[in-house]
Every structure is written in C-alpha cells, then in structure tokens.
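Q: Structure below; questions to follow.
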Amino acid sequence: MQVHLGGHLSFYDAERRSWVEWPDAAPLTLRGLAERLGLPAGEIAFVAVNRRLAALDDLARPGDRVEFFPPMGGG
Amino acid sequence: MIYGFTGKILYVDLTAGRLHTETIDETAYRLYPGGRALAAYLLLKHMPAGVDPLGPDNVLILANGLLTGAPFSTATRFTAAARSPLTGAYGESEAGGFWGPELKMAGWEAIVVTGQAATPVYLSIQDDRAELRDARHLWGREPEEAQAIIRDELGDKLTRILQIGLGGENLVRFAALTNELRHFNGRTGMGAVMGSKRLKAVAVRGSNRYLGIARDPQSIADLGKRLAKRVKQHPQSWDLQDKGTPGLTAGLNTAGILPTRNFHTGEFEGVDNLRWEAYEQEILTARRSCYACAVRCKREVTVNDRYQVSSEYGGPEYEAVAGFGSNCMVDDLQAVAKANELCNRYTLDAISTSSAIAFAMECFEHELIGPDETGGLELRFGNAEAMVRCVEMIARREHIGNLLAEGTRRAAEVIGDDAPYFAMQIKGQELPMHDPRGKVGLGLGYAVSETGADHLTAFHDPMVANPESLSFKGAIPLGVREALPPRDLSRKKVELYALLENWSSMERAVGLCYFGPTPRSFIAVDEVVDAVRAATGWDVTVEELLRIGERATNLARIFNVREGLSRADDTLPQRLFEPLESGALAGVAYPKDDFARALTELYEVKGWDPQTTMPTREKLAALGIEWAADLAG
Ligand code: SF4
C-alpha cells in the first residue's frame with residue numbers, strides 16, 4: 001500500500017518521508033493505519049483512498065493509494 | 001525616550017523634488033504601530049477622496065511595522081499602500097525580504113511619496129541622508145540590471161533595492177514592487193502607482209541595529225534563538241521550510257478546492273505534474289529566506305529545458321502553481337515556472353496575471369475574443385506556450401495584453417457579453433487560488449476585504465475546524481472557543497471570522513509574516529505580545545493587539561466608504577454561488593442565502609452600518625479614532 005503523508009503530516013514520520021510503503025497485510029481502518037503511522041488524530045483533516053475522499057472508519061485494502069492531509073491554511 | 005521605533009517619516013514630494021522629515025509621537029504610534037495601520041492613517045491624513053490612482057495626487061506610503069527588522073523569524077514585512085489603480089479602493093500589499101528591515105536600520109518608519117517626477121528618478125537613503133537621483137538611464141531596464149547599476153553608482157553592494165520593472169513602468173494596473181528581485185508587494189497595483197510617479201526605485205542602507213532601539217534587547221534576542229531552534233521542531237514551520245507553499249497543491253486538489261479552469265471546478269487531472277514531489281524533482285534548486293528568518297520558506301528554481309527559467313527571480317509559490325497551472329489547465333511545471341519568472345521579472349502580480357489569463361482563455365473559448373485580439377495566439381485552456389506569451393503581452397501592453405493589463409473587471413466591461421461573468425474578481429481584484437466553496441469563512445473574508453479578494457485577510461476555516469489540532473489550540477489565547485466545520489457559516493463562524501481578521505490585520509501592522517504567528521504557524525500568541533512589550537516597553541495585552549488590527553481595518557474601511565464603496569461591493573463572483581462541476585465537492589456551491597445573512601451579522605459584530613458599511617461613531621470612539629468619523633461625509 002502506498003501511503004502519502006501530506007503537508008506537515010510527514011513531520012510525524014521518523015524519516016520525514018511524505019510517501020511510505022506500508023506492507024500489505026490484513027485490511028485495517030484508515031484510523032488504525034493513521035495510528036500505526038504515528039499521525040495525531042487532531043492533525044488529520046481528511047483522507048483519500050485511490051484519489052477519492054474517504055472516512056477514517058473506512059478500510060484500507062492491499063494495493064490502495066492512501067493520502068492523509070492536515071488542516072491547510074493560506075499562502 | 002521611545003523604544004522599538006524612531007517615529008521618523010520621510011516625505012518625498014516628487015513634483016517639487018523636495019524631501020523633509022516629520023515625526024510621529026508615541027501616543028499616535030501606539031494606535032498605528034506601523035505597516036497597514038500607519039499606512040491607512042497617513043493616507044486618510046494626507047489624501048482627499050477621489051484622486052486619480054495613477055495621477056500625481058495619489059499618495060504612496062511605504063511603511064515598516066513596529067517589529068520589522070527585529071532579529072527573530074518572520075519579523076520582515078513592510079507595507080505599500082495607496083489608492084489602488086486596480087480597484088479604486090484602498091490599496092495595500094505586504095512584502096518580506098530585506099528592504100523593510102534595512103529601512104528600519106536606516107532609522108525610518110515610513111516614506112510618504114507625493115506628486116510626480118518630470119523624468120524618472122530613484123530615491124537613495126543612507127541612514128538619515130536621503131536624496132533623489134536621476135533614473136532616466138534605468139527606465140526600461142530589468143530589475144537585475146537596474147539593481148546592479150544602482151549598487152555600482154552608490155558604491156555599495158549591500159544596498160537593498162525596492163523597485164519596479166516593466167509592468168510598473170507600463171502602468172499595468174496589477175503591477176507589483178520587488179525587493180532583492182525575489183520578494184514582492186504583489187497585490188492591488190502598487191507598482192503602477194510607483195510607475196505613475198516615475199519613481200523607479202528606492203535604495204536603502206542603514207547602519208543601526210534593531211536591538212539598539214529595543215527596550216529589552218535581550219528578550220528579543222532570546223526569542224530569535226528560541227524560534228530559530230523551534231522551526232524544525234514544529235510541524236507547521238517545518239512543513240513551510242520543507243515544502244513551502246507549493247506543498248498545498250495536492251491536498252487542495254484532493255479536497256476538491258484547487259481552482260481549475262477559471263474556477264469551474266476544484267480538481268485538476270494533471271495535478272500530479274504540479275504537486276510538490278514534481279516541483280522538488282523537476283525545478284527546485286534551493287530554499288531561501290527573508291531577513292533573519294529561519295523558516296526559509298522561499299523557493300528558488302532553475303530550468304534549462306523546454307523553457308529557460310532564471311534562478312534570480314524566485315520560484316513559484318502555491319498561488320502561481322495553481323494560478324498558471326490548474327486554473328489555466330496547464331500541467332507543465334516548467335511553463336508555470338516560466339510564467340512566474342516573467343511576472344517577477346516584469347513586476348506583475350502573479351495572482352492577478354494568471355487569473356487575467358484564465359479569464360481571457362475562457363473568453364477565447366466562448367469566441368468573445370479571437371486570434372485578431374490575441375495576436376494570433378490560440379489562447380485556450382491548457383495552451384502553455386500561449387499562456388507564457390500572454391504574460392509578456394500584458395507586461396508590454398501588446399494585443400490582448402493591453403486590455404488585460406487594465407485588470408479583468410475593466411477588460412470584461414470592454415469585451416461585454418458574458419465576459420463580466422467570467423471575471424473572477426471582487427472590487428476589481430482577481431481572486432487568489434483558494435476556492436471559498438470549500439471554506440466559507442474565507443469567502444466572507446474575500447468579500448469584505450477592503451483591498452478586494454485577498455487570501456491573507458483572515459483565516460482559512462480548516463485552521464480552526466478541529467479542537468485537537470495544533471492550529472486550533474494555538475488560537476485559544478485569542479479567544480477562540482469552539483471549533484467549527486469549514487462549511488459552517490453560522491453566527492459563531494462570523495464572530496470567529498471577525499476575531500481572526502483582527503489578528504491577521506495586526507500581523508500586517510506590526511510587520512510579522514503570515515507564516516509566523518499561530519494559527520497558521522509556530523509563534524505563540526503570548527510570544528507576539530511579549531515581543532511587542534520587549535520592543536517598546538508598552539504594557540500591551542492580546543486585546544490591545546487585536547484592537548490595533550481592528551483599528552487598521554476600520555481606517556481602510558473608511559477610506560473605501562469615502563470613495564463611494566458600500567455593501568454592494570462586499571460580494572462574491574456569481575460563479576461561486578454555482579456548484580463545482582467535479583471533484584470531492586462536486587455539486588457544492590457557496591451558500592447564497594447564508595452569505596447575505598452572515599454579511600449583515602458581520603457588520604453588526606464589527607459595529608458597521610449594514611448598508612453603507614461605515615463604522616459607527618461608537619465603534620470609532622471605542623477604537624480611539626473618533627477623528628475619522630466625519631471623513632466619509
Ligand atoms: S516565513 Fe517565509 S515569507 Fe515569511 S519571513 Fe520567513 S522566509 Fe519570508
């Protein structure tokens with residue numbers, strides 16, 4: 001599974017990566033995936049699976065492209 | 001003894017070629033402590049209503065903030081203000097870089113430029129010495145060249161230079177000012193005002209230090225060290241350093257609010273070619289900064305391929321990536337970088353320029369204009385080469401460029417038919433690249449902003465939508481209590497908007513960059529309060545700082561009422577009240593009925609008349625500016 005840590009969410013990856021290869025195992029919820037990635041719940045504004053918005057309770061499946069984004073301000 | 005500022009204002013009468021100095025006392029300065037607050041005050045004081053924005057009677061103010069030049073991250077900004085040739089309303093734009101801090105080191109809070117020179121001149125300031133110099137040999141020269149010549153003439157390679165390029169000289173109504181070639185007062189056409197005055201540049205060199213004028217220099221220095229360390233430890237500032245504003249592109253596309261095809265939709269098929277990963281791989285060559293700022297959010301790019309893009313003029317910010325990219329349906333980052341470089345080289349505002357081109361593309365596709373007007377260009381969405389060429393045409397006022405240089409509102413009136421509907425502008429100023437259909441509080445800000453549509457006037461709703469987020473928690477000391485969803489336009493959102501508008505207005509008064517303080521970034525509210533205290537010795541509170549912001553906005557509002565603007569000008573383009581065509585927010589429109597109600601509520605919260613929008617006497621008395629009550633007649 002390809003996981004994107006958008007904006008400042010890549011800060012929470014130890015290596016500050018914005019793309020992480022997540023081993024395909026049993027399906028888990030996006031919330032569970034975020035927790036395992038160490039993303040604080042308060043910093044996730046929205047998530048997309050295969051380029052479509054999804055809910056945190058939705059399942060992430062092997063082969064999915066998952067993108068987490070934080071609240072985004074101006075600039 | 002005063003601290004944190006000198007009170008010195010340089011008056012430059014270009015018609016007479018005379019310069020003189022005045023001072024502002026501490027009582028007045030505490031009400032208008034620089035930047036937009038001081039600029040609005042000076043404009044109301046020195047300029048009658050109804051002047052021609054491009055005539056000698058317009059007054060151009062260049063004003064530092066109280067904290068501009070203080071040696072801590074993001075204290076870099078200065079304001080350029082005048083009656084805007086783009087909107088006819090209050091014009092204002094901030095820039096970072098190095099020029100403002102240098103002016104502070106030279107001992108000046110502001111420069112007030114009046115009149116019009118008979119032939120081009122530039123102003124040279126070295127500490128307290130100032131003189132006008134001949135600039136006839138500089139007129140028509142590109143900023144890089146003009147900068148080198150001026151430095152040579154003054155025998156000082158470190159002189160900081162604020163200047164206009166071709167766009168300003170040709171009176172493009174959205175021309176910008178540039179300092180150090182990479183930092184721009186982009187919005188509202190201040191470059192055209194400078195061009196109309198035949199003032200090519202202002203060169204500044206100062207030998208003082210901010211810490212030498214601060215009440216408590218140690219605290220300021222300590223804050224500088226603390227923030228420099230924190231930049232990499234705080235997610236928001238770390239992100240600004242790592243990706244800068246171009247990091248926004250992919251997320252806004254996913255959220256369905258990346259302006260695409262002149263705001264028809266919020267999702268762009270070609271976004272993968274524009275997103276940060278592509279930017280970093282394809283065009284990025286360095287990260288750069290403003291004076292003493294550890295955030296280093298500025299990008300430098302170089303291209304030697306399909307286009308040649310010089311590294312000297314700074315890389316595209318998010319606004320240019322979306323403006324020349326998705327909004328013109330161009331998925332070629334090199335073309336985007338080239339269009340941006342030309343804007344910077346010719347001192348054109350990249351937001352207005354890209355929006356004017358998207359507007360022209362839509363007119364072309366509807367056959368309201370054709371090859372006869374465009375000089376043979378097939379100016380269609382997605383035509384990267386035509387887009388890049390059109391930037392040149394605007395700067396040089398050739399073919400359709402001559403009309404677009406007047407701004408989309410004027411251009412649309414001339415073209416007629418459906419063209420006014422295609423012009424995405426408010427008060428004459430083109431919309432920034434944030435779609436209010438997904439963040440409705442921002443839409444309120446676009447509508448009421450005295451300068452026309454502006455994305456830095458207030459907050460972006462997602463910043464305060466989650467009570468657990470860093471941004472929300474950061475804003476709590478301002479009085480933010482309840483998190484509200486991005487598409488909520490309740491009375492509570494209106495109140496939240498008014499509060500945060502005062503905060504961002506304050507930032508632009510005291511000289512802080514939008515990417516410094518919370519909720520957008522990493523500097524805490526109490527640190528801003530402490531910085532003002534340490535600079536001046538004043539016993540300020542957060543309430544006083546919010547009032548500074550509110551006062552500045554009220555002065556700008558009175559300026560507009562005086563020019564005949566009213567509630568009817570605080571609106572949104574019709575297209576935003578229509579649904580987005582595709583993407584995550586397909587079918588979603590800006591809520592029209594809620595908008596009218598929210599606007600009325602906002603005037604009430606602000607203490608303004610619901611029709612004229614004039615601040616009430618009580619409001620002005622509460623802000624300590626009763627003197628302004630009779631200005632608007
Ligand atoms: S945050 Fe960026 S734009 Fe703001 S002062 Fe620092 S380097 Fe300049």
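Q: For segment B:95-248: lysine pairs with Cα atoms under 26 Å, gap of 8 or more or different chains, count?
A: Taking the Cα cut-off of 26 Å, the pair count is 9.
Q: Now for a different question. Using helices alone, what [θ] at 222 nm do you get for the protein assembly as shown, with -39,500 (n - 2.57) per DSSP H run of 4 or more residues, divided over all residues and rounded to the nearest 500?
A: For the protein assembly as shown, the value works out to -10000 deg cm²/dmol.
Q: Given a 1.4 angstrom probe, what's the average accessible area per residue across segment B:52-167, in square angstrom?
A: Accessible area per residue: 27 Å².
Q: Please list the non-local residues whose amide H lies under 5 Å from the amide H of A:TRP19, H modeled 1.01 Å from N, same-chain partners needing a gap of 5 or more.
A: A:LEU5
Q: Could you work out what % of the accessible surface of the protein assembly as shown is carbon and sulfur, using a 1.4 angstrom probe and leaving DNA, RNA and ligands out of the count?
A: It is 47 percent, rounded to a whole number.
Q: Normalise the Debye intensity by I(0) for segment B:440-628, one equal point scatterer per Cα, no solvent, then take log10 at q = 0.20 Å⁻¹ and round to two decimals.
A: At q = 0.20 Å⁻¹ the computed log10 ratios are -1.49.
Q: Rounded if a/c is under 1.5, else prolate if a/b beats b/c, else oblate: with a ≥ b ≥ c from the C-alpha gyration tensor eigenvalues square-rooted, which is segment B:8-212?
A: Rounded, because the longest to shortest axis ratio a/c is under 1.5.
Q: Turning to a different aspect of this structure: Solvent-accessible area per residue for segment B:539-617 at a 1.4 Å probe radius, Å²?
A: 37
Q: Also, quick follow-up: Residues of segment A:1-45 losing 40 Å² or more of accessible surface, assembly versus chain alone, probe 1.4 Å, please list them.
A: Listed by number, the residues meeting the 40 Å² cut-off are A:GLY7, A:HIS8, A:PHE11, A:ARG16, A:GLY42, A:GLU43.
Q: Further question: Placing unit charges on C-beta atoms (Lys and Arg positive, Asp and Glu negative, everything else neutral), compute the dipole magnitude of chain B about its Cα centre in debye, rounded to 20.
A: Dipole about the Cα centre, nearest 20: 1580 debye.
Q: Report the trypsin sites (Lys or Arg not before Pro) located in segment B:88-195 that are in a DSSP loop and have at most 15 other Cβ atoms inside 10 Å of their Cβ, or state none.
A: For trypsin sites (Lys or Arg not before Pro) across segment B:88-195 that sit outside H, G, I, E and B with at most 15 neighbouring Cβ atoms in 10 Å, the list reads B:ARG136, B:LYS157.
Q: Moving on to the next point. Please compute the modelled spin-label separation between B:ASP52 and B:THR612, points set 7 Å along Cα→Cβ, answer in nm with one decimal.
A: Those two pseudo-labels are separated by 2.9 nm.
Q: Expressed as a rounded percentage, what relative contact order does chain B have, with Cα pairs under 8 Å and six or more residues apart?
A: Answer for chain B is 15 percent.
Q: Further question: Mind listing the phi-derived Karplus ³J(HN,Hα) values for segment A:35-43, rounded to whole Hz, using 6.51, -1.76 and 1.60 with θ = phi - 60°, and x for any glycine or proline?
A: Working through the residues one at a time gives 4, 5, 7, x, 7, x, 4, x, 9 Hz.
Q: Can you say what percent of the DSSP beta bridges in segment A:2-67, counting only those with both residues inside, are antiparallel? Round to 5.
A: 75
Q: What residues of segment B:222-269 lose no less than 50 Å² of accessible area with every protein chain in place versus their chain by itself (probe 1.4 Å, heavy atoms only)?
A: Output list: B:PRO235, B:TRP238, B:THR254.
Q: What does the convex hull of the Cα atoms of segment B:248-430 come to per residue, in Å³, rounded to a whole number?
A: About 117 Å³ per residue, rounded to a whole number.
Q: Could you give me the ³J(HN,Hα) list for segment B:626-633, computed from phi with Karplus coefficients 6.51, -1.76, 1.60 and θ = phi - 60°, whole Hz, x at Gly and Pro?
A: 4, 4, 8, 4, 9, 5, 8, x
Q: What is the distance, in nm, between label points placed 7 Å from the Cα along the Cα-to-Cβ direction at B:GLU543 and at A:ARG65?
A: With each label point 7 Å from Cα toward Cβ, the separation is 5.3 nm.
Q: Now a separate question. Amide H neighbours of B:ARG288 under 5 Å, counting only residues 5+ apart in sequence or on other chains, H built in-plane at 1.01 Å?
A: The answer is B:LYS298, B:ARG299, B:GLU300.
Q: Kindly identify segment B:393-434 as rounded, prolate or oblate by the Cα gyration tensor criterion: order the square roots of the eigenvalues as a ≥ b ≥ c, call it rounded if a/c is under 1.5, otherwise compare a/b with b/c, prolate if a/b is larger, else oblate.
A: It is oblate, given that a/c is not under 1.5 and a/b is not larger than b/c.
Q: If segment B:411-524 were replaced by its equivalent ellipsoid, with semi-axes equal to the square roots of 5 times the Cα gyration tensor eigenvalues, what would those be, largest first, whole Å?
A: 29, 16, 11
Q: Now, a different point. Note down the relative contact order for chain A as a percent, whole number, built from C-alpha pairs under 8 angstrom at least six residues apart.
A: Answer for chain A is 41 percent.
Q: Placing +1 at every Lys and Arg Cβ and -1 at every Asp and Glu Cβ, with all other atoms neutral, what dipole size does segment A:2-67 have around its Cα centre, in debye to the nearest 20?
A: My answer is approximately 140 debye.
Q: Helix check for chain B. Which DSSP H runs span at least 15 Å along their own axis by Cα, with a mean Kyte-Doolittle hydropathy no less than 0.0?
A: Span-like helices in chain B: B:35-46, B:350-365, B:384-396, B:525-536.
Q: Next question. Once the mean 1/r over all distinct Cα pairs of segment A:2-67 is inverted, what Kirkwood radius in angstroms do you read off?
A: Evaluated on segment A:2-67, it is 11.7 Å.
Q: Convert 25 °C to kelvin, take the viscosity as 0.890 mPa s, use the Kirkwood radius over C-alpha pairs of segment B:21-80 as Rh, and evaluate the Stokes-Einstein diffusion coefficient in µm²/s, rounded to a whole number.
A: Stokes-Einstein gives a translational diffusion coefficient of 193 µm²/s.
Q: If you don't mind, another one. How big is the B-A contact in terms of buried accessible area, both chains counted, 1.4 Å probe, rounded to the nearest 100 Å²?
A: Counting protein atoms only, the buried area is about 2300 Å².
Q: Can I ask one more? Given the protein assembly as shown, what whole percent of its Cα pairs are spread farther than 49 Å?
A: 8
Q: Here is a further query. Could you point to the residue in B:LEU333, B:TYR291, B:VAL303 farthest towards the positive end of segment B:270-334's charge dipole, with +1 and -1 charges on the Cβ of Lys/Arg and Asp/Glu respectively?
A: Positive-most Cα among the choices belongs to B:TYR291.
Q: A further question follows. Work out how far the C-alpha atoms of chain B reach from end to end along every principal axis, then list the three figures in whole Å, largest first.
A: If we take the Cα atoms of chain B, the spans are 64, 58, 52 Å.
The values are calculated or read from the model by the stated rules, or taken from the named source; none is laboratory data. Keep in mind that this is a model prediction, so the values were computed, not measured. Cβ: placed from backbone, ideal geometry, glycine included. Neighbour counts: every protein chain shown. For the accessible areas, the whole protein counts, side chains as well, though only heavy atoms, and no ligand, DNA or RNA atoms are used. Shrake-Rupley method; radii C 1.70, N 1.55, O 1.52, S 1.80 Å.
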